[in-house]
Amino acid sequence: MLSKFKGCFLGLTIGDALGAPVEFLSLTEIKRKYGEDGITDFDAWAGFKAGSYTDDSQLSLATAVGCIQAYQRLIIKGECNSVNIIYKRYLEWVESQSNQFQIRSPNYTCLSALMSGKMGSIENPINDSKESGGLARIAPVGLAFPSDMAFREGIEYASITHGNPQGYLPAGFLSELIAHILEGKTLGDSIELSTERLSIYERHEETLKKIEKALELFTVQEPIENSIREIGEGWAGEEALAIALFCSLKFSDDYEKGIQAAVNHSGSSDSTGSVTGAILGTLLGIEAIPDKWVLNVENSQTICQIAKDMFKIFKKKERLSFKKYPLD
């Protein structure tokens, strides 16, 4: 089980770091720069060394820390408002963006929403954005909550910054999907169960349509890049989720090939790499991730420690140091 926690965290950060150098390149430009197979290993980008990740991973780690603090508060105080705690962690991330050494191609929607002084919610949308930033930071929710709770928590956290249902419903889907996988279900069954939950929510049709397209293309024998092009570019939440589902199904036993497929397209390569990496990392565990990436992704030891801490508190029900994770 610990292997799956580490696999999820390292999986998402590695997918993010692999996709970061090509995020704003077309597939033609990617192949021109890296060869016919596209990018297959870490590379430097925007002044950051190879293996550096983007705001997607920074905010995923903020989500994880917030989940830990919320649970600790629940144990000690008997109550907590997890959404408020997560919101505070995101505000801290915004403050870090004033440091030139921390800026990682931050998502405009996230920045503008968090700098507005208001906290968005499903009931009171802060904007009409359906960009993939709400989805790309949400995987830790699936490690923290059981499958019957994860969807709701995921959409609550994503709606802090993304007000369109296609901005937050994919986040709920991914959260529940990760939870089902962690509970021992197959990838196919996890997708089916998460789809059933998605269908309960209003304005789910656009996200459902993209998921169904991914499932359809999974059964078709055509070049991977053509299938991804049919789904979209991943800038929107429902597109990024569908691309990740397609790549995870196509390479359900091969983490390396899965994230390489997920980042080599015209679009939001870091987000699609991150979401695919989270799914396959949870499904296959850390052992399936090549050592060259585990050892060279930024902050690998810190990431593994956060994964271990989440495992301790959410699966072993151990209390963690309040010095390390102080209560708000």
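Values for this structure:
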| item | result |
| --- | --- |
| Every pair of residues 6+ apart whose Cβ atoms lie under 9 Å, when the first sits in the range 1-26 and is in a loop (DSSP other than H, G, I, E, B) while the second is of a type in the set (Val, Ile, Thr) and buried (at least 24 other Cβ atoms within 10 Å of the Cβ) | GLU23/THR54; GLU23/VAL263 |
| Residue in the range 64-84 that is touching an Asp or Glu at 6+ places or on another chain (Cβ under 7 Å), surrounded by fewer than 21 Cβ atoms within 10 Å (Cβ to Cβ), closer than 25 Å to LYS323 by Cα and β-branched (Val, Ile, Thr) present | yes |
| Every residue from the range 255-267 that is surrounded by fewer than 24 Cβ atoms within 10 Å (Cβ to Cβ) and in contact (Cβ under 8 Å) with a residue 12 or more places away in the chain | GLU256, GLN260, SER266 |
| Residues being touching a residue at least 40 places away in the same chain (Cβ under 8 Å) and either among the small types (Gly, Ala, Ser) or not in a helix (DSSP H, G or I) (or both) - total across the range 300-328 | 10 |
| Hey, SER52 part of a helix (DSSP H, G or I), touching a residue at least 40 places away in the same chain (Cβ under 8 Å) and surrounded by 14 or more Cβ atoms within 10 Å (Cβ to Cβ) or not | no |
| Residue selected from the range 213-243 under the condition of a type in the set (Asp, Glu) and within 20 Å of the chain's Cα centre (by Cα), by the criterion nearest to PHE151 (Cα to Cα) | GLU238 |
| Unmet requirement for SER105, which otherwise passes all of (1) surrounded by fewer than 21 Cβ atoms within 10 Å (Cβ to Cβ); (2) modelled with pLDDT of 90 or more; (3) within 25 Å of HIS265 (Cβ to Cβ) | (2) |
| Subset of the range 32-48 (residues that are surrounded by fewer than 22 Cβ atoms within 10 Å (Cβ to Cβ) and touching a residue at least 40 places away in the same chain (Cβ under 8 Å)) | ASP37, GLY38, THR40, ASP41, PHE42, ALA46, PHE48 |
| Count - residues of the range 8-24 that are surrounded by 24 or more Cβ atoms within 10 Å (Cβ to Cβ) and of a type in the set (D, E, K, R) | 1 |
| Every pair of residues 6+ apart whose Cβ atoms lie under 8 Å, when the first sits in the range 228-239 and is within 19 Å of ILE138 (Cβ to Cβ) while the second is acidic (Asp, Glu) and in a loop (DSSP other than H, G, I, E, B) | GLU239/GLU233 |
| Selection count where residues are acidic (Asp, Glu) and over 17 Å from LEU208 (Cα atoms), scope the range 222-250 | 2 |
| Sole exception among (1) out of contact with any Asp or Glu (no Cβ under 6 Å at 6 or more places or on another chain); (2) of a type in the set (Lys, Arg); (3) within 25 Å of SER129 (Cβ to Cβ) for LYS210, by number | (1) |
| Count of the range 276-326 residues which are buried (at least 21 other Cβ atoms within 10 Å of the Cβ), touching a Leu at 6+ places or on another chain (Cβ under 8 Å) and not hydrophobic (A, V, I, L, M, F, W, C) | 3 |
| 1 or more residues in contact with a Lys or Arg (Cβ under 9 Å, 6 or more places away or on another chain) and in contact (Cβ under 8 Å) with a residue 24 or more places away in the chain: qualifying helices (runs of 4 or more DSSP H) within the range 130-206 | 140-144, 147-158, 165-182, 187-198 |
| Residue within the range 234-249 that is touching a helix residue (DSSP H, G or I) at 6+ places or on another chain (Cβ under 7 Å), outside any helix (DSSP H, G or I) and surrounded by fewer than 22 Cβ atoms within 10 Å (Cβ to Cβ) present | no |
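The values are calculated or read from the model by the stated rules, or taken from the named source; none is laboratory data. As the structure is a prediction and not an experimental result, all values here were calculated from the model. Heads up, the Cβs are rebuilt from the backbone with ideal geometry, glycines too, and the neighbour counts pull from every protein chain shown.
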